[in-house]
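A quick write-up on the structure given underneath.
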Amino acid sequence: MYKFIPVHRRIVTISLLAFTALVLFNWSCTKLDTTTIGADLIPEVDNVNTFADTLDIISTQGVFANDSNRLSLTEEFALGKIDNDPLMGSTEAKLFLQLKPPFYPYYIGRQAKDTIVQADSVVLCLSYKAFWGDSTVPLQFQVYEVANDFTNSWDSIFTSSGVIFNSIRYAPFLDLPISSPKSFDVRTLGNYVKIGKGKDSVNNQIRIKLSDSFRDRLFAADSSSTGNKAFKIDSIFRRYTNGFGILPLTGKGLAYINLIEDNTRLELHYKKKNGGVLDTVYSAFYFNSGLQGETIRPSSVANQINRTRNSLPTGDQEVYLQTNPGTYANLSIPELGTLTNRVIHRAELQIQQIPDVNPEMDKIFSPPPFVYVDLVDTGTTKWKPVYFDLNPGSFYNPDNNLAFYPSGGDVDVNYFGGFLTSRTDALGTRSAYNINVTRHVQQIVTRRTNNYTFRLFPAHSFSYPQYDKNGGIYVADRTVIPYKNPIAFGRVRVGGGGNPNPAYRMRLRIIYSNIK
């Protein structure tokens, strides 16, 4: 299976301030009169009143160095390994998380008077949501304990808006493994399996049995025992077991895991006796998102993703696009800055996939669901949103520090585009993307504003740190804007602006009328 199961809607981690009447007045006086241009009212090209033209693009391959994307708890985390994608190279995604008792002091069993007769097993369970890659090759994982080292940032991870401080470059220190290597055929994870001596059943769950020595140590620390009483308060529990690291050993794909669903848990299976009745049951620890109050510190999590890439294109014939932590392309359109004033009915970046010689590779390593463009601002290491086309129904202006992005972070992809489509012609069927930059181009030809270089990439999230400061006042730690691709999901080879085949060549197509 290659189709991604839709992720939960991401929570936008920026809060844009309400505007004063003066700002609204200024907008109404300066906005371009292009409210319906570029939507469904494009006139037919007749070469008398309405014309079409195609502008050349100079494309340059780029790589996000030290990519430090961050995830929120509402999305899926990657876990797996791609030994060799023939186009892009290798990927390794490790997952680290804490699973905690639901309350303190905690007793294994429903009540303190329960007697544990026998500890059977401890099973680490992960809620499986989707897969990207070759599902015919099993994934193999092994579980480690996170080391009790409180000198690093592992044990404090959340911003006030639920974004995780730890970036995809971070990993905590690990102790020895506490499981044997375990292989999974992801094609069978949808099948139900019996648990708890057949009393319950689950599906879409990755289950890894932990070692007997870890089991015995965990049960010995129960608050009802004479042991270490690690379940008495959260601060003691975190020093006793500081979390788990799930490391991929082999595979050719990425599994996507939801942390906050009940299917992600640590199961403690045992036999207990209460009032003379012997029963086989299990209790569970879950990922704590901080909703239980201050007595339980939120669980820590990290999703470290490492990539080793093959050689990337050096000319402008091809561009490789890979979702974060990934790659991008700079697109320069010199002719755009020389156009005379005119009415732009439609200006559209058209991006075509170059299919692999082996069509199965494009199915296994499928293209990103979305691509995004922004602008290379002053210098080459500073970017800002594209003008006016992200959402025509929401005021924003990249030159306004307080409203540089659509309110609520909502990009109207039905208008802006950038979503995956397909194109069929004499060369066959292939993936394609179209991006609407009509209002941006209209501003250039009408107001003679700067003809910025575009940055094209399949975004998981992005940031514009220059907006974190307003008038010298520090506004936020980091402005992180989630986009629509799951982390590390998708890659595609597209034609650059200099591709010799016109069918694959990247271009800017404009439909316009001259001003009489």
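The values are calculated or read from the model by the stated rules, or taken from the named source; none is laboratory data. Given the structure is predicted, the values throughout are model-derived calculations rather than measurements. Cβ placement follows ideal geometry from the backbone for every residue including glycine, while neighbour counts extend to all protein chains displayed.
Numbers at a glance
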item	result
Residues of segment 125-139 that turn out to be assigned to a strand (DSSP E or B) and closer than 14 Å to Ser183 by Cβ, as a count	1
Number of positions in segment 43-97 that are at pLDDT 95 or above, in a loop (DSSP other than H, G, I, E, B), under 16 Å from the mean Cα position of the chain (by Cα) and within 29 Å of Thr314 (Cβ to Cβ)	0
Positions within segment 313-355 being acidic (Asp, Glu) and either surrounded by fewer than 17 Cβ atoms within 10 Å (Cβ to Cβ) or in a strand (DSSP E or B) (or both), in sequence order	Glu318, Glu335, Glu348
Residue check for Ser289: touching a strand residue (DSSP E or B) at 6+ places or on another chain (Cβ under 9 Å), among the hydroxyl-bearing types (Ser, Thr, Tyr), assigned by TED's automatic domain parsing to the domain that holds Asn204 and in a loop (DSSP other than H, G, I, E, B)	yes
The one condition in (1) part of a helix (DSSP H, G or I); (2) in contact with a helix residue (DSSP H, G or I) (Cβ under 8 Å, 6 or more places away or on another chain) that Arg439 fails to fulfil	(2)
Lone unmet requirement of (1) assigned to a helix (DSSP H, G or I); (2) in contact with a Pro (Cβ under 6 Å, 6 or more places away or on another chain); (3) of a type in the set (Lys, Arg) for Lys363	(2)
Condition met for Thr381 (in a strand (DSSP E or B), free of Cβ contacts under 8 Å to residues at least 40 places away in the same chain and surrounded by fewer than 16 Cβ atoms within 10 Å (Cβ to Cβ))	no
Test set (1) surrounded by 22 or more Cβ atoms within 10 Å (Cβ to Cβ); (2) touching a Pro at 6+ places or on another chain (Cβ under 8 Å); (3) of a type outside the set (A, V, I, L, M, F, W, C) - Tyr286 fails condition number	(1)
Candidate set: segment 299-317, residues that are more than 17 Å from Leu174 (Cα to Cα) and out of contact with any strand residue (DSSP E or B) (no Cβ under 6 Å at 6 or more places or on another chain); chosen: the one modelled with the highest pLDDT	Gln317
